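Working notes for the structure below.
The values are calculated or read from the model by the stated rules, or taken from the named source; none is laboratory data. Since this is a predicted model, take the numbers as computed values, not measurements. Virtual Cβ from ideal backbone geometry, glycine too; neighbours counted across all protein chains shown. The protein model used for the area step is the full one, side chains on, heavy atoms only, and it has no ligands, DNA or RNA in it. Shrake-Rupley method; radii C 1.70, N 1.55, O 1.52, S 1.80 Å.
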Amino acid sequence: SQTHREMASGLSSPVGFKNGTDGNIDMAVNAIKSTLRPHHFLGITKDGRSAIFHTRGNRYGHVVLRGGLRPNYDHANVAYCEALLKGAGLPLSIVIDCSHGNSEKDPGRQPEVLQDGVHQILAGNKSIVGFMLESHLHAGRQSIPADLRALDPEVSVTDACLDWESTEKALRQACDQLKGVLRRRWGRCRRRKSPGQP
């Protein structure tokens with residue numbers, strides 16, 4: 001929404017914009033373009049007073065590919081997203097959501113989605129900057145019962161999640177596979193210190 005775009009333009013942290021639930025990536029690209037610019041909007045201060053907020057824009061917006069009517073984490077969809085970002089003059093920064101439409105709401109498929117992204121990076125992709133997994137202590141989900149004492153605090157009440165052990169295994173495997181690539185990426189981005197600089 002425009003309200004969230006305005007708020008995001010004033011944050012000093014990266015903000016991800018997911019593609020639409022139908023798979024439309026244009027809306028996420030447009031949100032990044034909007035967030036990149038300064039905004040002025042009415043808001044409430046910490047003291048509860050009305051105020052006009054002025055933002056400088058946020059340079060750290062990125063697309064989150066979350067799937068839609070079909071998964072969109074594969075090479076072809078990532079390349080399409082890159083083309084849209086390039087056409088809009090935006091940085092090629094893409095996060096792959098391994099859950100939601102990309103796992104077709106099967107939490108057990110999240111490691112498979114993660115591995116596809118890892119292989120894209122190993123094959124030379126530089127636009128994938130992160131992954132999202134939905135994880136909790138135990139696998140699955142639960143409905144909220146009338147008697148809240150029946151809730152299991154170790155099981156999700158929203159989307160079905162991957163259990164902790166499977167999450168750890170998937171992330172450690174990805175880390176081991178990408179260690180060299182990410183070290184080279186990070187090394188190129190690291191600013192060299194000048195002599196005498198702390």
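Based on the Cα coordinates of region 8-150, what is the per residue volume of their convex hull in Å³?
Working: hull volume 23.8 nm³, N = 143.
Expressed per residue, the convex hull around the Cα atoms of region 8-150 is 167 Å³.
Could you name the lysines whose alpha carbon sits less than 27 Å from that of residue 86, not counting residues in the same chain fewer than 8 places away?
Those lysines meeting the cut-off are 18, 33, 126.
Sequence gap at least 6, Cα distance under 8 Å: using those rules, report the relative contact order of region 1-51 to the nearest whole percent.
35
Between region 125-145 and region 1-79, what is the C-alpha centre distance in whole Å?
Cα centroid of region 125-145 versus Cα centroid of region 1-79: 20 Å apart.
Where both residues lie in region 55-174, what percent of DSSP beta bridges are antiparallel, nearest 5?
10
Determine, from the Cβ-Cβ distance of residue 144 and residue 105 and an R0 of 22 Å, the FRET efficiency 1/(1 + (r/R0)^6), rounded to the nearest 0.05.
After rounding, the FRET efficiency stands at 0.75.
Can you pull the accessible area of residue 95 for me, 1.4 Å probe, Å² to the nearest 10?
Answer for residue 95: close to 20 Å² accessible.
To two decimal places, what compactness ratio does region 1-76 give when its Cα radius of gyration is scaled by 2.2 N^0.38 Å?
This ratio for region 1-76 stands at 1.28.
Computed FRET efficiency, Cβ-Cβ of residue 70 and residue 44, R0 45 Å: what is it to the nearest 0.05?
Numbers: r = 41 Å, r/R0 = 0.90.
Efficiency computed from Cβ-Cβ geometry: 0.65.
As an exercise, identify the GluC sites (Glu not before Pro) in region 23-123 lying in DSSP coil whose Cβ has no more than 15 other Cβ atoms within 10 Å.
For GluC sites (Glu not before Pro) across region 23-123 that sit outside H, G, I, E and B with at most 15 neighbouring Cβ atoms in 10 Å, the list reads 104.
Please state the relative contact order of the chain as a whole percent: Cα pairs under 8 Å, 6+ residues apart?
Values: 332 pairs, mean separation 30.1, N = 198.
Relative contact order for the chain comes out at 15 percent.
Please compute the length gained on full extension between residue 183 and residue 22, using 0.36 nm multiplied by the number of residues separating them and subtracting their Cα-Cα distance.
Here the segment from residue 183 to residue 22 would lengthen by 54.4 nm.
Could you tell me the relative contact order of region 1-94? Use alpha-carbon pairs under 8 Å, at least six residues apart, and round to a whole percent.
On the way: 160 pairs, mean separation 30.4, N = 94.
Relative contact order here is 32 percent.
Please give the calculated 222 nm ellipticity per residue for the chain, where each DSSP H segment of at least 4 residues contributes -39500 (n - 2.57) and the sum is spread over every residue; nearest 500 deg cm²/dmol?
Result for the chain: -11500 deg cm²/dmol, rounded to the nearest 500.
Hey, with R₀ at 35 Å, roughly what FRET efficiency would residue 56 and residue 84 work out to, going by the Cβ-Cβ distance, to 0.05?
0.90
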